[in-house]
1. Along the range 60-76, what does the Karplus equation 6.51 cos²θ - 1.76 cosθ + 1.60 (θ = phi - 60°) give for ³J(HN,Hα), rounded to whole Hz, x for Gly and Pro?
2. Within a Cβ distance under 11 Å of LYS19, other residues only, what is the Lys/Arg minus Asp/Glu net charge?
3. Of the trypsin sites (Lys or Arg not before Pro) in the range 17-92, which ones lie in a loop per DSSP and count no more than 11 other C-beta atoms within 10 Å?
4. Taking the chain as a Gaussian network, where each spring joins two C-alpha atoms under 10 Å apart, which residue of SER53, SER72, SER15 fluctuates the most?
5. Considering the chain as a Gaussian network with a 10 Å cut-off on Cα pairs, which listed residue, THR34, THR84, THR63, attains the greatest mean-square fluctuation?
6. Which values of log₁₀ I(q)/I(0), to two decimal places, follow from the Debye formula for the chain at q = 0.14, 0.23 Å⁻¹ with a uniform point scatterer at every Cα?
7. For the range 1-69 and the range 81-104, what is the separation of their C-alpha centers, rounded to whole Å?
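FYI, it's all coordinate maths here, none of it is from the lab. Bear in mind the structure is a predicted one, so any value in this text is a computation, not a measurement. Cβ placement follows ideal geometry from the backbone for every residue including glycine, while neighbour counts extend to all protein chains displayed.
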Amino acid sequence: MRKIIGSFVFVNEGSGRLKSTFRNNGTDQPQIETCQITNKSSDLNGFAGTYNSIWNEEDGNATLEIVQVDNSKFYNFTWTNTETNLPKFFGQGMLFEKILVGCYWNTQLAQFIQTL
């Protein structure tokens, strides 16, 4: 598996649905990801929560967990493989004018960064 690094924007469409446009070093053009919240106790107009996520790539589905960092404008992201329950991608982002903007990387890159 090669190292993946990319960027994204998430827009909250309400009712626990997120829409994202992302791009990475493995895509020729921007791609679309959609998410539906699974923990209904979360703020459906916010971003923090656990989602079912799907996108148009091979093996393009995961559980996405978005965690707000200390009530700030910053968020951490973890996409987990739904079959193996292992982390697939990690990311960080910040809220800018009601849009989450950030970057992400796969576990191969995470392992590489830890060796630096």
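1. Working through the residues one at a time gives x, 8, 6, 9, 10, 10, 10, 10, 6, 8, 6, 6, 9, 8, 9, 9, 10 Hz.
2. Neighbourhood net charge equals -1.
3. Qualifying residues, ordered by number: LYS40, LYS73.
4. Looking only at SER53, SER72, SER15, the largest GNM fluctuation is found for SER72.
5. Per the Cα network of the chain with a 10 Å cutoff, THR84 tops the list.
6. Log-scaled intensity ratios, in q order: -0.54, -1.49.
7. The range 1-69 and the range 81-104 have Cα centres separated by 6 Å.
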